[in-house]
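Reviewing the structure listed below.
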Amino acid sequence: MTDRPYVLLSCAASIDGYIDDATGQRLVLSNDADLDRIDEVRAGCDAILVGAGTVRRDDPRLLVRSAARRAERAARGLPASPARVTLTGSGDLDPQARFFTVGDTDRYVYCATAAVEKTRELLGDRATVVDAGDPVDPGWALTDLAARGIGRLMVEGGASVHAQFLAAGLADELHLVVAPFFVGDSRAPRFVGDGRFPWHSGRRARVCEVRQIGDVALVRYALSDRCPD
């Protein structure tokens, strides 16, 4: 497909596949060196997408942290950080969340039809709210993002968003970081969970790279022919 951005999924998980634990505090899975790698990947993208649940739960800033990388983007005539994108069925978003208030960049909210007007009134000029169908169609959202000039999209979660993109065959590349410990609690969220995915025992994803980064391991998978070696 050429009518959608190149889609790169990024996730960190424990050895047993959990992306968080069941406590109220956020579980740290990565390390400083890997966070710098993620910052480099972010700086090379046009937009970053997270689900509305991640916006509510983690209140992420989704900024490029490195001053040198921000300056390099500015030298190319780009905002210091990529545009921000979220998907929501309910429109239940806090207009004071850092997603909407931190950094000078475009913000797009792809919203279920029934919640569009409410969400536009709630967010005002803090984001562009787009009717993305009912339920929200991530494939249609990608087509719309491409029309807005987004050529490379980084999807940072959470689990339900990753599952949606993977099950629909909308991902070109996956960066999976494995942390060196177990969570061992079935109440905790896992990476994607149940679903019917295009990659299975009869159609294996291609491994592009395996890299040790301090005490974590990065595995980079090609999920489409668009992913370079």
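The values are calculated or read from the model by the stated rules, or taken from the named source; none is laboratory data. Small disclaimer: the values here were computed from a predicted structure and weren't measured. In this analysis, Cβ positions are derived from the backbone assuming ideal geometry, glycine residues included, and neighbour counts consider all displayed protein chains. For accessibility, only protein heavy atoms count, side chains too; no ligands or nucleic acids. Shrake-Rupley method; radii C 1.70, N 1.55, O 1.52, S 1.80 Å.
Built from the Cα atoms of segment 115-197, the convex hull projects on average onto 7.8 nm², one quarter of its surface area.
About its Cα centre, segment 1-148 has a charge dipole of approximately 460 debye under the convention of +1 per Lys or Arg Cβ and -1 per Asp or Glu Cβ, with nothing else charged.
Between the residues 41, 114, 77, the greatest Cα displacement towards the positive end of the dipole of segment 1-159, with unit charges on the Cβ of Lys, Arg, Asp and Glu, is found for 77. Report for the chain the percent antiparallel among DSSP-assigned beta bridges with both residues inside it, nearest 5. So the antiparallel bridges in the chain amount to around 35 percent.
Report summary: the helix-based calculation at 222 nm, which adds -39500 (n - 2.57) for every DSSP H run with n ≥ 4 and divides by the residues of the chain, gives -7000 deg cm²/dmol. The translational diffusion coefficient of segment 170-212, from Stokes-Einstein at 20 °C and 1.002 mPa s with a Kirkwood hydrodynamic radius over alpha carbon pairs, comes to 160 µm²/s.
Based on Cα contacts under 8 Å between residues 6+ apart, the chain shows a relative contact order of 30 percent. For residue 48, the residues 5 or more places off, or on other chains, whose built amide H falls under 5 Å of its own are 83, 84, 85, 154. Here the gap between residue 96 and residue 125, fully extended at 0.36 nm per residue and compared with their Cα-Cα distance, gives a gain of 9.2 nm. Each part reduced to its alpha carbon centroid, segment 7-63 and segment 163-229 end up 14 Å apart. When a 1.4 Å probe is rolled over the protein heavy atoms, the share of accessible surface on segment 17-144 that falls to carbon and sulfur comes to 47 percent. With K and R counted +1 and D and E -1, the other residues having a Cβ less than 12 Å from that of residue 140 yield a net charge of -4. Per residue, the chain exposes 49 Å² of accessible surface when a 1.4 Å probe is rolled over the protein heavy atoms with every protein chain present. Can you classify segment 1-135 as rounded, prolate or oblate using the Cα gyration tensor, where a ≥ b ≥ c are the square roots of its eigenvalues, rounded means a/c under 1.5, and otherwise it's prolate if a/b beats b/c and oblate if not? Since a/c reaches 1.5 but b/c is at least a/b, the shape of segment 1-135 is classed as oblate. With the simple model of a label 7 Å out from the Cα in the direction of the Cβ, residue 176 to residue 114 spans 3.5 nm. Annotation: amide H of residue 181 within the under-5 Å range of 15, sequence separation 5 or more or interchain, hydrogens built in the peptide plane.
Here the spin labels are modelled as points 7 Å beyond Cα on the Cα-Cβ line, and at residue 213 and residue 76 they lie 1.8 nm apart. Taking the Cα centre of segment 31-93 as origin and assigning +1 to Lys and Arg Cβ atoms and -1 to Asp and Glu Cβ atoms, the resulting dipole is close to 220 debye.
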